[in-house]
1. Look through Ser191, Ser159 and report the one residue that is hydroxyl-bearing (Ser, Thr, Tyr) and either in contact with a strand residue (DSSP E or B) (Cβ under 6 Å, 6 or more places away or on another chain) or under 19 Å from Ala37 (Cα atoms) (or both).
2. Could you say which residue among Ser286, Ser273, Ser280 is surrounded by fewer than 19 Cβ atoms within 10 Å (Cβ to Cβ), polar (S, T, N, Q) and either in the same structural domain as Thr401 (by TED's automatic domain parsing) or more than 28 Å from the chain's Cα centre (by Cα) (or both)?
3. Looking at the structure I just gave you, is Ala145 within 12 Å of the chain's Cα centre (by Cα), more than 18 Å from Glu118 (Cα to Cα) and in a helix (DSSP H, G or I)?
4. Among the residues of the range 340-379 satisfying the criterion of being without any contact (Cβ under 8 Å) to a residue 12 or more places away in the chain and either buried (at least 20 other Cβ atoms within 10 Å of the Cβ) or part of a helix (DSSP H, G or I) (or both), which is farthest from the chain's Cα centre (by Cα)?
5. Considering every residue within the range 79-86, establish whether at least one is among the charged types (D, E, K, R), more than 26 Å from the chain's Cα centre (by Cα) and buried (at least 16 other Cβ atoms within 10 Å of the Cβ).
6. Here are Gly402, Gly418: which of them is in contact with a Ser or Thr (Cβ under 8 Å, 6 or more places away or on another chain) and at pLDDT 95 or above?
7. Quick check on my filter: what residues within the range 1-54 are within 20 Å of the chain's Cα centre (by Cα) and either farther than 22 Å from Val134 by Cα or among the β-branched types (Val, Ile, Thr) (or both)?
8. Filter the range 11-34 for residues that are touching a residue at least 24 places away in the same chain (Cβ under 8 Å) and not in a strand (DSSP E or B) and give the result.
Amino acid sequence: MQINSNSSPLLRNFFGDNQTLIQASATGRLDVMGGIADYSGSLVLQMPIKEKATVTIGHRGYNQLHIKSLDIQTNNELFIDLADLPRNYNDANTYIKQLQGGDWASYIIGCFLVLLNEKSIKASGLDILISSEVPAGKGVSSSAAIEVATLKALAELFSIEFTGTLLPTLAQKAENLVVGAPCGLMDQLASYFGKPNYLLPILCQPDKIFSGIKIPDNLYFIGIDSGIRHAVSGASYGEVRTAASMGFSIIAQKQGVSRKDLALNEPHLLPFSGFLSNISPSQYESKYAQSLRSMYGKDFLNDYGIVIDPLANVKAGTYYNIKSSTQHPIYENYRVRLFTEMLKMLTPANHEEVLPLMGELMYQSHQSYSDCGLGNEHTDMIVDLAHSLGTKSSVYGAKITGGGSGGTVCIMVYGEKGLVAAKEIMNLYQQKTKQTSLVLFM
């Protein structure tokens with residue numbers, strides 16, 4: 001939307017007097033089910049949270065990007081001459097890493113670069129002000145919220161019309177290629193398409209959006225912050241994603257697919273259309289589970305040679321947990337589908353029978369994260385507290401969210417009694433860990 005810089009002293013101080021500006025917002029998301037199975041083609045269920053990122057943009061007289069974050073205390077303002085900014089994504093990644101403040105600014109710069117390259121916008125100077133209520137490192141898609149808000153604002157500023165899933169797809173491209181984080185598309189789709197009080201089902205093959213599912217009255221999905229910072233750019237997340245792609249390659253070659261056909265990466269040449277999540281648990285157990293084992297990257301490269309995921313990076317000296325990383329999306333897709341169907345049949349009359357079954361699927365998902373190596377003792381503590389209070393307190397399920405290795409735990413509770421229990425879990429966790437400033441996402 002258009003606003004005037006005189007609408008607030010903050011905007012006038014940054015942009016100057018009487019400037020016409022574009023402002024856009026996007027929310028974070030709570031990963032209810034699906035999580036890291038997105039890059040393997042799973043169905044996922046995502047819920048927007050109330051916290052949002054807001055990006056305000058205006059044209060600048062100089063041929064510079066002038067970017068400032070209101071959420072960071074130091075190195076929170078950058079001036080980048082456009083003549084110095086590489087257009088190549090890899091070169092831009094290297095250039096931005098050398099800048100003080102480049103870590104947080106890479107999401108905004110990445111979105112600008114993607115539009116330069118993919119939509120041929122004019123490389124003109126811009127003033128960009130960032131303000132976000134979505135806390136970073138909590139596993140609730142702070143980066144996706146900033147990317148989607150940035151692209152929405154840039155699209156209006158440059159009169160670009162996006163259709164379908166193109167905007168979130170370009171947001172993911174910015175994060176993958178400029179920021180250097182191997183995230184799936186789930187976060188950007190959820191930030192862009194999510195609606196309050198609905199769960200958004202996404203089939204990540206790669207971006208099929210289904211109609212939102214209204215969350216039944218008295219059912220609540222609440223995020224409890226562990227206080228442990230999460231990052232999808234960390235090594236563990238990338239290693240699990242790579243190990244899953246290694247598992248698919250092993251399964252495909254067991255099916256008789258040649259390395260040459262794998263290299264072409266054409267869905268019609270690949271079993272299961274190239275997605276692990278299209279394998280049923282029974283197929284996996286009967287045909288493929290025995291073929292998978294942990295191994296060093298050098299042994300995989302020697303025996304199998306290739307992976308089809310462009311963001312997977314097989315390192316010769318790294319030891320990969322291939323079996324757990326491969327079976328997670330296979331079972332998770334099945335869990336999400338069961339969870340979705342039970343959610344649709346939930347009523348006040350049957351909630352005491354249905355919710356424990358849905359909750360068990362969440363607990364299984366949480367354990368599967370740990371089996372992959374993405375667990376954390378602090379998120380385990382929150383899940384254990386939820387389990388111990390249990391159905392007698394109207395707490396029915398809990399699981400780590402997003403990329404794992406810290407971040408936020410999603411718990412499922414029912415009624416006012418469940419809401420009270422959720423706050424009790426938060427308080428008990430704070431007492432045990434002596435942490436302050438934790439966030440409750442709803």
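1. On the way: Ser159 fails: either in contact with a strand residue (DSSP E or B) (Cβ under 6 Å, 6 or more places away or on another chain) or under 19 Å from Ala37 (Cα atoms) (or both).
After applying the criteria, what remains is Ser191.
2. Details: Ser273 fails: either in the same structural domain as Thr401 (by TED's automatic domain parsing) or more than 28 Å from the chain's Cα centre (by Cα) (or both); Ser280 fails: either in the same structural domain as Thr401 (by TED's automatic domain parsing) or more than 28 Å from the chain's Cα centre (by Cα) (or both).
The match here is Ser286.
3. Values: within 12 Å of the chain's Cα centre (by Cα): yes; more than 18 Å from Glu118 (Cα to Cα): yes; in a helix (DSSP H, G or I): yes.
Criteria met by Ala145.
4. Step one: filter the range 340-379 for residues without any contact (Cβ under 8 Å) to a residue 12 or more places away in the chain, giving 341, 345, 349-350, 353, 367, 370, 377.
Right, trim to either buried (at least 20 other Cβ atoms within 10 Å of the Cβ) or part of a helix (DSSP H, G or I) (or both) and you get 341, 353, 367, 370, 377.
Numbers: Glu341: 23, Glu353: 31, Gln367: 19, Ser370: 18, Glu377: 21 Å.
In this case the residue turns out to be Glu353.
5. Filtering the range 79-86 down to residues among the charged types (D, E, K, R) leaves 81, 84.
Retained after the next criterion (residues that are more than 26 Å from the chain's Cα centre (by Cα)): 81, 84.
With the extra rule that they be buried (at least 16 other Cβ atoms within 10 Å of the Cβ), the set shrinks to none.
No, because not a single residue in the range 79-86 is among the charged types (D, E, K, R), more than 26 Å from the chain's Cα centre (by Cα) and buried (at least 16 other Cβ atoms within 10 Å of the Cβ).
6. Values: Gly402 fails: at pLDDT 95 or above.
Exactly one residue qualifies, and that residue is Gly418.
7. The answer is Thr27, Val32, Ile36, Ala37, Tyr39, Ser40, Gly41, Ser42, Leu43, Val44, Ile49, Thr54.
8. So the first thing to find is which residues in the range 11-34 are touching a residue at least 24 places away in the same chain (Cβ under 8 Å), and the list is 11, 14-15, 19-34.
Result: Leu11, Phe14, Phe15, Gln19, Gly34.
The values are calculated or read from the model by the stated rules, or taken from the named source; none is laboratory data. The structure displayed is predicted, hence computed values, not measured ones. Ideal geometry is used to build each Cβ from the backbone, glycine not excepted, and the neighbour counts take in all protein chains shown.
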